[in-house]
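Asker: I'd like to ask you about the structure that follows.
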Amino acid sequence: MNSALAELSEHPNSYQHHLNTVPKQKVLSVRNLRKSYNAHQTVLHDISFDLHSGEMVGVIGRSGAGKSTLLHVLNGTHSASAGEILSFSDDENEPRDVSRLKGRALNQWRSQCGMIFQDFCLVPRLDVLTNVLLGRLSQTSTLKSLFKIFTDEDRAKAIALLEWLNMLPHALQRAETLSGGQMQRVAICRALIQNPSLLLADEPVASLDPKNTQRIMDVLREVSQQGISVMVNLHSVELVKEYCTRVIGVAQGRIIFDDHPSRLTQDVLHVLYGDEISQLH
Ligand SMILES: Nc1ncnc2c1ncn2[C@@H]1O[C@H](COP(=O)(O)OP(=O)(O)OP(=O)(O)O)[C@@H](O)[C@H]1O
Ligand SMILES: [Mg+2]
């Protein structure tokens, strides 16, 4: 680790100060999280932060910094190697460490923690409505999910979500025939139908044109304003400054910045991106 990075690593949490003035409900508390995919390389080192309802947190850092790994470990698609991910929910008195869950309990956590992926992960040959309803599968019995049997309530909710994102006219269209921006909106509907308390988005606008980028970012902001905690990996510092209430900067698997986007200085960006800083927009 270089010295500037070491210095920032020691004081990344001035955001706590800001939070003291804006009390919010804690949704997640990540403590000393570590992830290694193999014995030779640790991808995330000693990651600690809290997430609160209504926050829109941008995660930035250069390619390979560990941003996607972080979201995948939070969501449980990749297991944590050490540390805790404490989930706070209204239904439980005590926080629950979701980093050790398996089987059905893990599926339940994944539904509480919606995830949207850069490549959308829709089922190409199924129509839009069914793709959204698939988001309910983790909360549906195996037999019902096998035959794709959904309740009227599920359908009504899927339709309401599609309407909200202006996708209702495409409800019966096959997912494979949609544009990128349309696919991303369907993916958001599929994540939201689970009523998540947390929404994770891995570069949701990476392949979109400016108009669709704005549309998707507007939706994510609206979702956060409804009280869901949104965490989004972004490559554009400009978007982070425009949309996020907080930014977490990751370098070599460590959090080196955690504060309001207005405090992102050129020095911090230089530590985060090195020589790639000139390519930033
Ligand atoms: N399944 C895996 N097995 C082994 N190593 C992995 C795996 N997934 C990621 N890595 C490694 O972990 C490191 C962090 O990768 P990650 O995808 O989290 O980075 P990122 O910050 O999301 O990068 P990008 O901006 O390019 O998406 C990289 O060195 C990568 O090669
Ligand atoms: Mg990534």
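Asker: Take Gln266 and tell me if it is polar (S, T, N, Q) and either touching a His at 6+ places or on another chain (Cβ under 9 Å) or open to solvent by 40 Å² or more (accessible area, probe 1.4 Å) (or both).
Answerer: Judged against the criteria, Gln266 is a match.
Asker: In the stretch 206-225, how many residues are hydrophobic (A, V, I, L, M, F, W, C) and touching a strand residue (DSSP E or B) at 6+ places or on another chain (Cβ under 7 Å)?
Answerer: Count: 2.
Asker: Could you list, in sequence order, all residues of the stretch 167-225 that are within 19 Å of the chain's Cα centre (by Cα), among the small types (Gly, Ala, Ser) and outside any loop (DSSP other than H, G, I, E, B)?
Answerer: Gly180, Gly181, Ala187, Ala191, Ala201, Ser224 - these are the residues of the stretch 167-225 that are within 19 Å of the chain's Cα centre (by Cα), among the small types (Gly, Ala, Ser) and outside any loop (DSSP other than H, G, I, E, B).
Asker: If you go through the stretch 57-79 one residue at a time, how many are within 13 Å of ligand 2 (Cβ to nearest atom) and either within 9 Å of the chain's Cα centre (by Cα) or not in a loop (DSSP other than H, G, I, E, B) (or both)?
Answerer: Residues flagged as within 13 Å of ligand 2 (Cβ to nearest atom) and either within 9 Å of the chain's Cα centre (by Cα) or not in a loop (DSSP other than H, G, I, E, B) (or both) within the stretch 57-79 amount to 9.
Asker: What number of residues in the stretch 80-96 are at pLDDT below 95 and either within 13 Å of ligand 1 (Cβ to nearest atom) or open to solvent by 30 Å² or more (accessible area, probe 1.4 Å) (or both)?
Answerer: The total comes to 8.
The values are calculated or read from the model by the stated rules, or taken from the named source; none is laboratory data. Everything quoted here is computed from the prediction, not taken from an experiment. Backbone-built Cβ (ideal geometry, glycine too); neighbour counts: all protein chains shown. We work out accessible area using only protein heavy atoms, side chains counted, and drop any ligands, DNA or RNA first. Shrake-Rupley method; radii C 1.70, N 1.55, O 1.52, S 1.80 Å.
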